[in-house]
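Notes for the one structure printed next.
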Amino acid sequence: MIVSNEPGYYRTGEYGIRIENLVLVKDAELPGAERKMLEFETLTLAPIDRNLIDVAMLTPPERDWINRYHNRVYETLCDRLEGPECEWLMAAAAPL
């Protein structure tokens, strides 16, 4: 099954910020698990707008997750882009 993962923050009457990715629900491979478990695999790849990120509020694991995600975005897409588009992606997906 494919679902939309849409974490967001909304301030009533002012604005909202939502980051959206499509994810595949799949069987998780967890050695020693007592029962069948599921996990998500991210399908859509686009950098998260750095203007939405307050790095000072992130925990180290959260920062690492974003950096790993951005690295995957860059590694997957840059070879399909040319010149300015690849340069833009490199800046957008640079480590925090």
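The values are calculated or read from the model by the stated rules, or taken from the named source; none is laboratory data. The structure presented is a predicted model; accordingly, all values stated were derived computationally and were not measured. Neighbour counts run over all protein chains shown; Cβ positions are idealised from the backbone, glycine included. For accessibility, only protein heavy atoms count, side chains too; no ligands or nucleic acids. Shrake-Rupley method; radii C 1.70, N 1.55, O 1.52, S 1.80 Å.
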Do any residues in the range 69-94 that are of a type in the set (Val, Ile, Thr) have Cβ atoms under 8 Å from those of residues that are in a helix (DSSP H, G or I) and open to solvent by 40 Å² or more (accessible area, probe 1.4 Å), where the two are at least six apart or on different chains, and which pairs are they?
none
Per the filter on the range 37-79, residues farther than 17 Å from Glu20 by Cα, among the β-branched types (Val, Ile, Thr) and part of a loop (DSSP other than H, G, I, E, B) are Thr59
Just to be sure before I move on: is Glu34 on the phi < 0 side of the Ramachandran plot, out of contact with any helix residue (DSSP H, G or I) (no Cβ under 8 Å at 6 or more places or on another chain), in a loop (DSSP other than H, G, I, E, B) and among the acidic types (Asp, Glu) in the structure I sent?
yes
Extreme residue, least open to solvent (accessible area, probe 1.4 Å), among residues of the range 8-31 that are in a strand (DSSP E or B), touching a residue at least 12 places away in the same chain (Cβ under 8 Å) and within 24 Å of Pro95 (Cβ to Cβ):
Val23
Among (1) open to solvent by 70 Å² or more (accessible area, probe 1.4 Å); (2) modelled with pLDDT of 95 or more; (3) not small (Gly, Ala, Ser), which single condition is Leu52 missing?
(2)
May I ask you to say which residue of Met37, Met1 is among the aliphatic types (A, V, I, L, M) and open to solvent by 80 Å² or more (accessible area, probe 1.4 Å)?
Met1
